[in-house]
Amino acid sequence: MAAPTPFPRPADGSFVERGDGCLVGRFKAMASPCEVLVDTDDPHEAALALRTAETEAQRIEAKFSRYRPDNIVHKINHAGGEPVAVDAETAQLLDFAASCYEMSGGLFDITSGALRRAWTFDGGTRVPEPRALRNLLEHIGWDKVRWDGAAIAMPEGMEIDLGGFGKEYAVDRAAALVRAEVPRAILVNFGGDLVASGPKRDGRLWSVGIEDPDHPGTSALYRIEIETGGIATSGDARRFVLWGGKRLGHILNPRTGWPVEGGPRSVTVLASTCLEAGTLATLAQLAGRGARAFLEAQGARYWTV
Amino acid sequence: MQLGPTGPATIRGKLGAAACMLLASVAPAVARADPSGAVTQVDGTLLLYGEQSRTKVAEPTVRVTRLQPSGRSLSGQVVLDVMTGATPTGAMPPGVVDSTAALPPDEAPRVQTMTAASGGGGGGGSEHVPGPGDIPLAQFHDTRVALDAEWHEPITNIFGSTLGGYYSREKDYESVGASGKLSLDFLHKLTTLTLGGGVNRDHVFPSGGTPLPLSDGTVLHDERNAKDVTSALVGLSRVITRRWLISVNGSRTYEDGYLTEPYKVVSLIDPATGYTTGQITEGRPSTRQRTDVMTTMVYHFTSDVLHLSHRYYWDDWGVRSNTIDLKLRHDTGDSSFLQPHLRYYNQSQADFFTFGLVQGEPVPTYATSDYRLGPLSTATVGLTYGFHVPEQPGEFTIRAEYILQFGKGHPDTAMGVQQDFDLMPPVNIGSLVAGYSVAF
């Protein structure tokens, strides 16, 4: 960053440093770099914000990561067709997933995660065998899931993955908790999905750059200025496969098992929460060449690459 | 396709005009044919062209011409273009700089954090950090090979014909063409009427497929896109006095097919702030009718030759342009000359040219932000030096030119932060041509 770190770095890898007009707490969670920007000069406030956000990120990751052997998602995915009763927070997330499925006409589907394992988006030319895809598709479809608002049951071999909006949910949750602890304008950013809560003391807006997918980590293509609101970006031009002379991106249609064609390389949406922004961005990507029309119809503020 | 207003036909048969034209020519001198036999002339040039921070071109050319005593001539030319560098994408300046760059905080609008599809929020070094007002560029590299052949046949002593063929190929473009020209001398051979025409069949095959116009870049298909070019010209040249020649040439060209630039984009902007919010591919009409009228005057002083021309161009895309070109050839001895050169070019923008579109507003039928269809001007200053090495055959020429390309980069329609930027920043261009011409 612009200035050398003025604060000692603790051993766990999270630390506070001076950012551009604010203090920034940094840590790693959900396999992403995370940061909390705090409109303050007091490092104690920044450290408190950092601790609060980090704790919440770790809690959500532990509870909902598909990769943990001890959480509710694991339990649901390994219930062998039996119903699993869930707590209130999980129920809310499943309700949200059900609405997304409905709103998208079945394109946004938390049971479609297995498809991603069939595809290797490494810029090569390999596509899955049609047979393998057919077998996978048999185990995909929220319509095969029984969800009554308290317990979930799904056929054996199916699995859910809340990764499609888990990070965005964590951002909104962490921001709410940080705001309760630290009475300052803040911005919480987990791996590029963020929410800001202003206004800042000097009246200036938070300034957010949209990363250039061709030069990750180095340059901003576009700039967004906000006081309050959530911003999320979906899509990654670096992840694609070449097939039939076409470049297929990594957004998969859960009904065909094939990548959605014709969408923008990446979509960034500004909405009132990070969860809303992230979901709109993902739905736009699933609309393929209709992405822009979809976003216009939603009245969303958006940026495309 | 060479459909130039001058050629051996207009030079032959008119001694006064011939001297005038020959001396005025920038190209190496035409061979002095031995009346008893055929002459072979070889012209070789090397062009080096460079735009500051943008395109660089190296272009060697070889032309071989066989002139028969009858006036018949055959010529063949090979051109190789090696192009590299960066060219504007059409996008507007983003109005933003990266927060990770070590710039003074108050110098420019900065971002405090980043949104990204994956990762994000991270820092990292950067070789080149674009400034907020920098015109976005795309790197490219291409090589073009062009071949053409021309056959000139005097049919009677007042009537001549020229036929030509052309082929060129580069990574994503192919062109095949043929042209023909008839010339007729009358009024005591002091007046020449030229009629000509040409056809070209070009193909464009963008790497990565042809994008849907005015879209996010959706690939439409992988096939070749055809572009047909038909042209006709009529020219009249007249020797007014022994020292003074005037010619007027008009040409009309009709293009039909894929005329869009597949790699160029148009920015979408947020009207409140002027920051760019996205970009779409450009889209142009599929036909274009171009017309130009060029008037040339050559005046032969006692030893110096003045060459003055004006060209007016218009097309149905709304582009109008004027070119004024002035050269003065001054002999600096028996075997050398100096020729200063001034040129000014100015064009109006195409009807569908725009620096950017407002996000959320309906997208027009056609749109481009290609600066070559924008409100563009160039001013050129050059100097040519030609000389013979004593006791050696052939003539050497060296031409150096400085070109300033500029435009109206502060449109009234600029919004927000874009008002602070020059959307057509001046570009310094240098060009150097070395040529050698020999006949035997």
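The values are calculated or read from the model by the stated rules, or taken from the named source; none is laboratory data. Please read these numbers as outputs of a predicted model, since none were measured by experiment. Cβ sites come from the backbone with ideal geometry, for glycine too, and all protein chains shown count toward neighbours.
What to note about this one:
- Out of B:GLN339, B:GLN347, sole residue that is on the phi < 0 side of the Ramachandran plot, within 17 Å of the chain's Cα centre (by Cα) and at pLDDT 95 or above: B:GLN347
- Matching option when the condition is modelled with pLDDT of 95 or more and either surrounded by fewer than 17 Cβ atoms within 10 Å (Cβ to Cβ) or of a type in the set (A, V, I, L, M, F, W, C) (or both), among B:VAL433, B:VAL417: B:VAL433
- Residues located in region B:173-198, provided they are part of a strand (DSSP E or B) and within 30 Å of B:THR241 (Cβ to Cβ): B:LYS181, B:LEU182, B:SER183, B:LEU184, B:ASP185, B:PHE186, B:THR191, B:THR192, B:LEU193, B:THR194, B:LEU195, B:GLY196
- Some residue of region A:60-75 being assigned to a loop (DSSP other than H, G, I, E, B), at pLDDT below 95, within 14 Å of chain B (Cβ to nearest Cβ) and closer than 30 Å to A:ILE226 by Cβ: no
- Of the set (1) surrounded by fewer than 24 Cβ atoms within 10 Å (Cβ to Cβ); (2) touching a helix residue (DSSP H, G or I) at 6+ places or on another chain (Cβ under 7 Å); (3) more than 11 Å from chain B (Cβ to nearest Cβ), all apply to A:THR279 but (1).
- Candidate set from region B:46-95 (those that are within 14 Å of chain A (Cβ to nearest Cβ) and touching a Ser or Thr at 6+ places or on another chain (Cβ under 8 Å)); member that is modelled with the lowest pLDDT: B:GLY95
- Residue check, B:VAL389 modelled with pLDDT under 95 and within 30 Å of B:PRO285 (Cβ to Cβ): no
- Within region B:270-295, being in a loop (DSSP other than H, G, I, E, B), of a type in the set (Gly, Ala, Ser) and modelled with pLDDT of 95 or more holds for one residue alone: B:SER286.
- Boolean, B:TYR366 is touching a Gly at 6+ places or on another chain (Cβ under 6 Å) and at negative phi: yes
- Residue that is nearest to the other protein chains (Cβ to nearest Cβ), among those in region A:282-305 that are β-branched (Val, Ile, Thr) and not in a helix (DSSP H, G or I): A:THR304
- Search result, residues across region A:137-163 that are buried (at least 19 other Cβ atoms within 10 Å of the Cβ) and assigned to a helix (DSSP H, G or I): A:TRP142, A:LEU162
- Evaluation of A:ARG265 against (1) at the interface with chain B (Cβ under 8 Å from one of its Cβ atoms); (2) over 16 Å from B:THR115 (Cα atoms) (one fails), failing number: (2)
- Neighbours by Cβ (under 6 Å, 6+ apart or cross-chain): first from region A:76-93, free of Cβ contacts under 8 Å to residues at least 60 places away in the same chain and within 12 Å of A:TRP147 (Cβ to Cβ); second surrounded by 17 or more Cβ atoms within 10 Å (Cβ to Cβ) and β-branched (Val, Ile, Thr): A:THR90/A:ILE72
- Residue in region A:257-272 that is part of a loop (DSSP other than H, G, I, E, B), buried (at least 24 other Cβ atoms within 10 Å of the Cβ), of a type in the set (S, T, N, Q) and at pLDDT 80 or above present: yes
Per-residue answers, yes or no, for (1) more than 15 Å from A:LEU252 (Cα to Cα); (2) over 21 Å from the mean Cα position of the chain (by Cα); (3) not β-branched (Val, Ile, Thr):
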position: A:ALA98; (1), (2), (3): yes, no, yes
position: A:MET103; (1), (2), (3): yes, no, yes
position: A:GLY106; (1), (2), (3): no, no, yes
position: A:ILE110; (1), (2), (3): no, no, no
position: A:ALA114; (1), (2), (3): no, no, yes
position: A:ARG117; (1), (2), (3): no, no, yes
position: A:VAL127; (1), (2), (3): no, yes, no
position: A:ASN135; (1), (2), (3): yes, yes, yes
position: A:ARG146; (1), (2), (3): yes, yes, yes
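- Matching residues in region A:194-213 - criterion: being facing chain B (nearest Cβ under 7 Å) and under 19 Å from A:GLN58 (Cβ atoms): A:LEU194
- Of the residues making up region B:138-159, just one is outside any strand (DSSP E or B) and either farther than 25 Å from B:LEU193 by Cβ or not polar (S, T, N, Q) (or both), namely B:ILE158.
- Selection of region B:218-276 for residues being within 14 Å of chain A (Cβ to nearest Cβ), surrounded by 20 or more Cβ atoms within 10 Å (Cβ to Cβ) and β-branched (Val, Ile, Thr) yields B:VAL265, B:VAL266, B:ILE269, B:THR276.
- Against the criterion of being part of a strand (DSSP E or B), more than 24 Å from B:ASP412 (Cα to Cα) and more than 19 Å from the chain's Cα centre (by Cα), B:THR380 does not qualify.
- Any hit, region A:226-235, residues being touching a helix residue (DSSP H, G or I) at 6+ places or on another chain (Cβ under 6 Å), surrounded by 17 or more Cβ atoms within 10 Å (Cβ to Cβ) and in a loop (DSSP other than H, G, I, E, B): yes
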